[in-house]
1. Which value in nm describes the separation of the simple spin-label points at Ala132 and Phe183, placed 7 Å from the Cα toward the beta carbon?
2. Residue separation times 0.36 nm, minus the C-alpha to C-alpha distance between Asp73 and Asp212: what's the value?
3. Which ³J(HN,Hα) values, rounded to whole Hz and listed in residue order, are derived for the stretch 90-107 from phi using the Karplus coefficients 6.51, -1.76 and 1.60 in 6.51 cos²θ - 1.76 cosθ + 1.60 with θ = phi - 60°, glycine and proline given as x?
4. Setting aside same-chain residues fewer than 8 positions from Lys236, which aspartates and glutamates have a Cα under 14 Å from its Cα?
5. If I model a spin label as a point 7 Å beyond the Cα along the Cα-Cβ vector, how far apart are those points for Asp93 and Leu157 in nm?
6. Apply 1/(1 + (r/R0)^6) to the Cβ-Cβ distance of Ala145 and Ser193, taking R0 = 22 Å, and write down the FRET efficiency to the nearest 0.05.
7. Within the set Lys135/Lys227; Lys126/Lys168; Lys135/Lys190, which residue pairs have Cα atoms separated by over 18 Å?
8. Taking the Cβ of Cys254 as the center, what net charge do the other residues with Cβ under 14 Å away carry, scoring Lys and Arg +1 and Asp and Glu -1?
Amino acid sequence: MAAPVPASLAPRVSLPPRARSTASSSRGLGLASLPGRRRRHRHRHLRLRRSPSPAGTAAASSASAPSPSGIGDALGGVEIYSAATGEPVVFRDLWDQNEGMAVVALLRHFGCPCCWELAAVLRDTKERFDSAGVKLIAVGVGTSAKARILADRLPFLLEYLYADPERKAYDLLGLYFGIGRTFFNPASVKVFSRFDSLREAVKNYTIDATPDDRAGVLQQGGMFVFKGKELLYARKDEGTGDHAPLDDVLNICCKVPVA
């Protein structure tokens with residue numbers, strides 16, 4: 001069993017309050033705030049709530065909301081697809097479910113320029129993840145074929161890239177979805193401070209990586225860190241390009257002892 005994370009290592013992260021309209025709604029499961037140190041900037045409380053899944057309301061209503069300690073188990077059974085092979089795989093098979101450390105980065109869709117930038121940052125940080133014994137898992141909205149477009153042109157290592165065409169993981173974790181969050185959220189202005197990084201990442205960009213199901217372009221992403229099944233860090237992107245601060249992720253995953 002994983003030792004509890006010292007308060008000095010785990011920032012207090014919680015999901016924002018209930019969205020006011022369906023245009024910027026979040027979907028998912030109940031998750032209480034994680035313990036952690038007080039941060040200088042303001043955090044909103046993160047609550048993962050259930051609401052109808054794009055796969056069907058009946059399926060969502062029949063699911064039981066896990067406790068914070070059960071979120072790893074719930075995510076573990078979610079099926080996604082390997083970008084390398086196109087074969088289905090479940091999250092629990094991607095890292096050691098007892099003591100293994102994993103950074104699970106949920107991108108938006110494979111045709112999102114901001115997600116090409118985030119994927120490039122994760123790729124360039126992978127050596128540090130590897131040295132700390134941390135598994136990197138990057139997931140995007142779209143098919144494995146769309147994922148391979150990003151991997152080939154960015155480039156990005158195929159064996160660490162996965163596709164979630166039905167947005168099952170996004171739904172489970174309650175990540176934001178809608179027109180307001182995608183196009184009009186104030187948090188998206190952060191993109192302008194990273195203009196050089198974005199320009200470099202999209203040198204070989206193509207819109208062909210965009211999902212055929214255009215609803216997928218309204219999906220927002222998030223960043224999660226696990227030790228075994230224990231969730232150590234959770235952050236939902238407030239809007240397009242509002243990615244988790246990399247220093248926060250590294251402070252968690254690269255300082256927690258790995259068995």
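1. Distance between label points: 3.8 nm.
2. 47.0 nm
3. Once rounded to whole Hz, the list reads 9, 4, 5, 8, 8, 8, 4, 7, 9, 10, x, 9, 9, 9, 9, 9, 9, 6.
4. Asp171, Asp248
5. Going by the 7 Å Cα→Cβ label model, 2.0 nm.
6. For Ala145 and Ser193, the calculated efficiency is 0.10.
7. Values: Lys135/Lys227 10 Å; Lys126/Lys168 25 Å; Lys135/Lys190 27 Å.
Beyond 18 Å between Cα atoms: Lys126/Lys168; Lys135/Lys190.
8. +1
No value in this document is a laboratory result; all are computed from the given coordinates. All figures in this text were calculated on a predicted structure; none of them were measured in a lab. As a convention, Cβ positions derive from the backbone with ideal geometry for all residues, glycine included, and neighbour counts pool all protein chains shown.
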